[in-house]
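Read through the structure below, which is laid out as structure tokens, and then see the notes.
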Amino acid sequence: MLIRPFRALRPAPGRAADVLAPPYDVLSSAEARERAAGKPWSFLHVSKAEIDLDPAIDPYDPKVYAKAAENLQRLIAAGVLMRDDKPAYYVYRLTWPGQDWIGQRTPRVQTGLAAVASLAAYASNRIRKHEHTTPAKEDDRVRQIEAVNAQTGPVMLAYPTAPAIDAILARAAAGPPAVDVTADDGVRHQLWVAADDETVNALSRAIDALPALYIADGHHRSAAALRVARERGDTDAKGYFLAVVFPQGEMTILDYNRVMRDLNGRSPDELLAALRQRYMVEPSDRPVRPSQAREVGMYLDGGWYRLTLDSARASAAQTADPIDRLPVTLATRNIIEPLFGITDQRTDKRIDFVGGGRGLGELERLVSSGKAAVAFALYPTEMRDLMAVADAGAVMPPKSTWFEPKLADGMVSHVLD
């Protein structure tokens, strides 16, 4: 089966507010230490265990993973976390008051299913990827899983449009939730336990009938889960990994923007002149959020500009290759590579990335403070394009997607029996 129910390790009744924490990879060690101050049951003590050690410690030090295991056992021993007796599915709803892709403060709701997903399906690409992983980050997740003997950070998956699955989830979430917590960032996290045989069997069959699932966020977690399974003798990948599966139509991808350290030897006027060879350049008296893939917002020398790629170049990008039409590809091929000489965005220190959740004001701040010379606001990747790239077996350019809202660590964990 593509997914199956599991016995979740999760907060005991009334303890979720004490436990739930942001994902391990969205906070620095210093930020995690500040967030967890005065919160002894925060899951950050497991996911970012370096906060309980010397601040100078390397977060990849073996002592950090040992501390994570110790802290997880402390949460269990204190009764803050409990493990369900019977395998179940868990309906996980996120209600987000944040912005959509055009910057409006529009409440968004996405309702998904917490389950364990097939490693064999992942290995055979039925659970499809769109990113490369880096060895250091993958190794970190392997060590964490091994140390705590559990998968504690769910992989966010998307399923193609399937109204029948949506309806089952809606019915399963009709009653009072087992968890209902609003986090510091305003995101509401709700969880319902679906343990009755009828619902479990209906969800298992409906998900298994899908042609594929798609990794939205969590490539390192899924890759690490497969490595741990194989290192433990599961050579046929018969095991499963922790995931939450959402309908693709409810998921929100925000812009993932670029800032440059310098102008590559040009003055601001010279950069504008070079851009006019490829774009229509229009000054703006307000921040520019692009409304289509061929547009870019630029903050330079105290002012905003709207850049619109010329029709010939925009038309040439409409090829059979889904990567060619991505907003980040258009910006890379027409700005970042030719004008800034940056050919590897993963390693070049002259470029940095700002997730859309930080807003366009963060781009202004970075340039105005002198930390960057120019900022570019990009149109967000669309889910249909992400899925097309994954279906083609291709890999997205680096830093192409920023999903909001994020799943909470500590809501459900998968113990490796």
Going by a ≥ b ≥ c, the root eigenvalues of the Cα gyration tensor, does the stretch 284-417 fall in the rounded group (a/c under 1.5), the prolate group (a/b larger than b/c) or the oblate group?
oblate
What is the set of long-range amide H partners of Ala194 at a cut-off below 5 Å, with H atoms built 1.01 Å from backbone N?
Tyr89, Tyr90, Val91
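Which semi-axes, in whole Å and largest first, does the equivalent ellipsoid of the stretch 80-223 have when worked out from the alpha carbon gyration tensor as the square roots of 5 times its eigenvalues? Present the calculation step by step, with values, prior to reporting the outcome.
Details: eigenvalues 116, 87, 69 Å².
Here the semi-axes work out to 24, 21, 19 Å.
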Once phi for every residue in the stretch 383-389 is put through the Karplus expression 6.51 cos²θ - 1.76 cosθ + 1.60 (θ = phi - 60°), the whole-Hz ³J(HN,Hα) values, with Gly and Pro written as x, are 4, 4, 6, 4, 5, 5, 5
Working out 0.36 nm times the residue gap between Arg227 and Asp417, then minus their Cα-Cα distance, what length gain in nm do you get to one decimal?
66.8 nm
Fraction of alpha-carbon pairs over 14 Å apart in the stretch 176-225 - percent:
73
Karplus couplings for the stretch 307-321 from phi (6.51 cos²θ - 1.76 cosθ + 1.60, θ = phi - 60°), rounded to Hz, Gly and Pro as x?
9, 10, 4, 5, 4, 5, 5, 5, 5, 5, 7, 7, 9, 6, 7
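Mind running the shape call on the stretch 252-294? Use the C-alpha gyration tensor, a ≥ b ≥ c as the square roots of the eigenvalues: rounded below 1.5 for a/c, prolate if a/b tops b/c, oblate otherwise. Mind dumping the intermediate values first?
Working: a/c = 2.03, a/b = 1.49, b/c = 1.37.
In terms of gyration-tensor shape, prolate.
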Sort out for me the Cα centre separation of the stretch 297-327 from the stretch 176-211, rounded to whole Å.
39
Would you tell me the accessible area of Tyr60, worked out with a 1.4 angstrom probe on the heavy atoms of the protein chains, in Å² to the nearest 10?
110
Asn264 and Thr106 label points (each 7 Å along its Cα→Cβ direction) are spaced in nm at 3.5
Spacing of the two label points (7 Å from each Cα toward its C-beta) at Lys371 and Glu70, in nm
3.4
For the chain, find the longest principal axis of its Cα atoms and tell me its angle to the long axis of helix 219-231, 0 to 90°, nearest 10.
40
Across 20 Å bins from 0, what is the distribution of all Cα-Cα pair distances for the chain, in whole percents?
25, 55, 19, 0
Please list the non-local residues whose amide H lies under 5 Å from the amide H of Met82, H modeled 1.01 Å from N, same-chain partners needing a gap of 5 or more.
Arg10, Ala12
Distance in nm between pseudo-label sites at Thr161 and Ser315 (7 Å out along the Cβ direction from Cα)
2.9
For Asp180 the rounded accessible area (nearest 10 Å², probe 1.4 Å, non-protein molecules ignored) is 80
What figure in square angstrom, to the nearest 10, would you give for the accessible area of Arg108 with a 1.4 Å probe?
70
If you plug each phi of the stretch 125-139 into the Karplus form 6.51 cos²θ - 1.76 cosθ + 1.60 with θ = phi - 60°, what whole-Hz ³J(HN,Hα) values come out, in order, with x for Gly and Pro?
6, 6, 9, 9, 9, 9, 9, 7, 9, 10, x, 5, 5, 5, 4
Please list, or write none, the aspartates and glutamates whose alpha carbon is within less than 13 Å of the alpha carbon of Lys349, excluding same-chain residues fewer than 8 places away.
Asp262
Any chance you could run the full-extension gain for Glu362 through Arg384? It's 0.36 nm times the residue separation minus the Cα-Cα distance, nm to one decimal.
5.1 nm
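The values are calculated or read from the model by the stated rules, or taken from the named source; none is laboratory data. The model shown is predicted, which means the values in this text are computed figures rather than measured ones. Quick reminder, even Gly has a Cβ in these numbers, built from the backbone with ideal geometry, and neighbours come from all protein chains shown. Note: areas computed on protein heavy atoms with side chains; ligands, DNA, RNA excluded. Shrake-Rupley method; radii C 1.70, N 1.55, O 1.52, S 1.80 Å.
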